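Enquirer: My structure is below; once you've seen it, I'll send some questions.
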Amino acid sequence: MMMVRKSKGLGERHQKILDFIASYQREHKHPPSIREIGEHCNISSTSVVNYYLDQLEKAGQLERDRKISRGMRLVGNTPLGDMLRVPVLGVIQAGEPIPIPTSDFNPFSAEDSVDIAASLMPSREKGKDLFALHVQGDSMIDAMVNDGDIVILKPVVEARNGEMVAVWLNERNETTLKYFYKEKEGYRLQPANPAYKPIMVKKNESLDIKGKVVMVIRKVDRLAA
């Protein structure tokens, strides 16, 4: 198997993707598809594969032509820097709320993880307790959070007005991703889509904030060929 020389600072997943692209290109005379990369590297989400490829492109490891299928080419050897591995714990609904997971906030069995260049994160958010969730729904589209994206969250139990948070509504047995606002009569969970109404929560109703969004990883459908 052809191996690409390891660059300082590359995450394990980045290196595995580079090695697979190199060996696939050598065998088939053309690059692999996004889905083939995901299958080989045990990454279930095409948005996560695209995220890694975007980082490799920015680091000078890869060139991409987004106008054509399989439009990628290995180049260069520029390090990405230190990496943070963030577990992807499951799904958060950006739309109508969904039922709360049966367990505490270990809500879903870990299905994946995503490596993030530490240089992309604010220094105050570089702790090891970050986690990630897949987004379902379109209630936050005006905040540039779309169906299929992945949000990176920092665990918190309190939030400031205007912060985007993952919220558990225990008495309603629901969970959702919304902007948080504390008001006189309680709390307002505000969508970023005029097609959805805010969720009003009374002061005496249980509201459990699980994390605030610190980064969004975009899903790019047209690259998932």
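A short reminder: the numbers here are calculations on the coordinates, not readings from a lab. From a predicted model like this one, the values you see are computed outputs, not experimental measurements. Methodologically, a virtual Cβ is constructed for each residue, glycine included, from the backbone with ideal geometry; neighbour enumeration extends over all protein chains shown.
Enquirer: Sequence-distant or interchain residues sharing an amide H contact under 5 Å with residue 178, placed H: which?
Expert: The answer is 165, 167.
Enquirer: A further question follows. Could you compute Rg(Cα) / (2.2 N^0.38 Å) for the range 12-81, with N its residue count?
Expert: In units of the 2.2 N^0.38 Å rule of thumb, it is 0.99.
Enquirer: As a footprinting exposure proxy, order 14, 30, 40 by other Cβ within 10 Å, with the fewest listed first.
Expert: 30, 40, 14
Enquirer: Sticking with this one: At q = 0.12 Å⁻¹, what log₁₀ I(q)/I(0) does a Debye calculation on the Cα points of the range 123-189 give, no solvent, two decimals?
Expert: -0.35
Enquirer: Greater than 29 Å separation of Cα atoms is the criterion. Which listed pairs, 29/58; 67/197; 184/210, meet it?
Expert: Where the Cα-Cα span goes over 29 Å, the pairs concerned are 67/197.
Enquirer: What list do you get for 24, 187 if you sort them by fewest beta carbons within 10 Å?
Expert: Exposure proxy ranking, most exposed first: 24, 187.
Enquirer: If the chain between residue 181 and residue 161 were fully stretched, how many nm would it gain, using 0.36 nm times the residue separation less the Cα-Cα distance?
Expert: 6.8 nm
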